[in-house]
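Peer 1: Have a look at the structure that comes next, please.
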Amino acid sequence: MSPYSPFNKNIRDIEIADLKELKQASEGWYIEYKREPPNAGAIAKSISAFSNTYGGWLFIGVEEESKENPVAGKFPGVPRRDVDSSLQRLRKSATDHLNPTPHFETKVLWGPDSDTGLVDDHAVICVWVPQSISAPHIHKTGQIYRRVSDASEPKPENDRFVLDQLWRRADEIKQYHREWYERDPEFSKGEEDRPYVRLMLVADPWAERDVWIDSDNDEVRAALNQEAGISAIPFDNFYTLGDELIGRQLNGNDPQNLTLTWRLRRNLISDVIIPLPLSEPDNVDILKLDFYGYANVQRLVCLLKKYQSGATRVVDINYLFNILIGVAEIQERLCKLADWRENYFIKVKLLNSWRTIPFVDIPEVLDRFDKHGPPMCLDSIISVPRQTGPDKYIEVLRHDDVENHEAKMLLQALRMFMPLALSYGIPDWLPYDENENRTPYFRSLQEAGRSALEVQKNRNDRHNK
């Protein structure tokens, strides 16, 4: 169900001319008017009541016409000198007075406006509060407030049945995340022992924001299949599957195999499945052939010989960082299609990773392997974070304050790389001193990814002979 709006549009899209619609909108379940900025306690009551009920709108700087006809009557507005302090009070009151802190958004609409009589240097502060899945939001007085019918003020709730319903409101979304977490890809017999990365992306884990991609399939296909970019990973195969949009990389791959795959739902929830090359030689010297093209493969072989010379399972993760850059670029395009301007969240799972040793073609990483021994995955499935709740994800900042597009994508990719690096026991970051004659870690990861393309070409050539 879409959230109620007296303007039939998102809060980000409303303009000063829309305020006249409030002359037909009565206070009650979804709307509350305040002539002047209220004190912190009253603000917290209003915000929590909307969160605990059906969501709604608080308008500061608007006066109701009368108790008998509680539509917007006058628009005195908030003087310019008081607007910033009022916005700060809104945020602080929710943080200081409510537990947990509910989500809400604000927009300031400045006069003058002839339709409402709002004068110059005055503004109406619009506050949109979505219905909260993480209810109840408890006021620091110990009360749980809700909106009640046509009452203009929030009321404390004492009905045990209603309170129980509030406590159980999050059960459905928690169950959804648990089932999504458990829904790993189905593997063929030939794929059951091959390692994969499952990257789970979600914009709004609590499902409070009505996120939706309205674009047609051609626009989504274009977002997934762009060949331009910092590290393009175009999905040349695209189709619908139930309520999902599927993108796969088929170029140069067997269509029967689980190749690099993007499974997208229109609520901006995605699974990205990344296959990882695996070498299982009976003798580690064969790695020099399997990994031909990497600068440090001989060192890897010597390092492994220090501990054993028989069969081993080595997973090539050199191209992983460049894949994540491509994921960040596609996710950015999808966020724009959904008009999603906030951060997003991830969870990573390593699948079929039992007893695999990672290889990264970077000398500083191999230095650590040499000093401390090579890491090995001891479990078939590793997830970060481990828990399944909607609050158990890693936030990826969009870095809108960074003007350089490449820098933004690199920062997002590094954030996605960190839990994967920790899962495989490799450094998530290496200190860098500009005075040292050493390549920054993220550049080394990119260079290793470019080498991986040549190595994969060599593998394919050998297999095709």
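Peer 1: Quick one: Glu186 ticks every box in (1) surrounded by fewer than 17 Cβ atoms within 10 Å (Cβ to Cβ); (2) touching a residue at least 24 places away in the same chain (Cβ under 8 Å); (3) charged (D, E, K, R); (4) in a loop (DSSP other than H, G, I, E, B) except a single one, so which number is it?
Peer 2: (2)
Peer 1: I'd like the full set of residues that are part of a loop (DSSP other than H, G, I, E, B) and of a type outside the set (Gly, Ala, Ser), limited to region 292-325.
Peer 2: Correct list: Tyr292, Tyr294, Asn296, Lys306, Tyr307, Gln308, Thr312, Arg313, Ile317, Asn318, Tyr319.
Peer 1: Can you pull out the residues in region 21-38 that are outside any helix (DSSP H, G or I) and either without any contact (Cβ under 8 Å) to a residue 24 or more places away in the chain or not assigned by the TED database to the domain that holds Val124 (or both)?
Peer 2: Scanning region 21-38 gives a single hit, Pro38.
Peer 1: Quick check on Asn251: is it of a type outside the set (A, V, I, L, M) and at pLDDT 95 or above?
Peer 2: Answer is no for this residue.
Peer 1: What residue, among those in region 236-248 that are modelled with pLDDT of 95 or more and of a type outside the set (D, E, K, R), is surrounded by the fewest Cβ atoms within 10 Å (Cβ to Cβ)?
Peer 2: Leu241
Peer 1: Continuing with the same structure: Restricting to strands (runs of 3 or more DSSP E) lying wholly in region 338-448: which have 2 or more residues that are touching a helix residue (DSSP H, G or I) at 6+ places or on another chain (Cβ under 7 Å), over 18 Å from Leu276 (Cβ atoms) and modelled with pLDDT of 95 or more?
Peer 2: By residue number, 394-396.
Peer 1: Taking the condition surrounded by 15 or more Cβ atoms within 10 Å (Cβ to Cβ) and in contact (Cβ under 8 Å) with a residue 12 or more places away in the chain, does Arg341 pass?
Peer 2: When the stated conditions are applied, Arg341 does not pass them.
Peer 1: Then there is this: In region 24-60, which residue that is basic (Lys, Arg) and either touching a Cys at 6+ places or on another chain (Cβ under 9 Å) or within 14 Å of Val124 (Cα to Cα) (or both) is surrounded by the fewest Cβ atoms within 10 Å (Cβ to Cβ)?
Peer 2: Restricting to residues being basic (Lys, Arg) and either touching a Cys at 6+ places or on another chain (Cβ under 9 Å) or within 14 Å of Val124 (Cα to Cα) (or both), the top hit is Arg35.
Peer 1: Please go through (1) within 15 Å of Ala42 (Cα to Cα); (2) modelled with pLDDT under 95 for Pro100 and return the number of the only condition it doesn't satisfy.
Peer 2: Going through (1) within 15 Å of Ala42 (Cα to Cα); (2) modelled with pLDDT under 95 one by one, Pro100 breaks only (1).
Peer 1: Mind listing whichever residues of region 261-289 are surrounded by 21 or more Cβ atoms within 10 Å (Cβ to Cβ) and not in a strand (DSSP E or B)?
Peer 2: Once the filter is applied, which keeps residues that are surrounded by 21 or more Cβ atoms within 10 Å (Cβ to Cβ) and not in a strand (DSSP E or B), region 261-289 yields Leu268, Leu276, Val284, Leu287.
The values are calculated or read from the model by the stated rules, or taken from the named source; none is laboratory data. These numbers were taken from a predicted model, which means no experiment stands behind them. Heads up, the Cβs are rebuilt from the backbone with ideal geometry, glycines too, and the neighbour counts pull from every protein chain shown.
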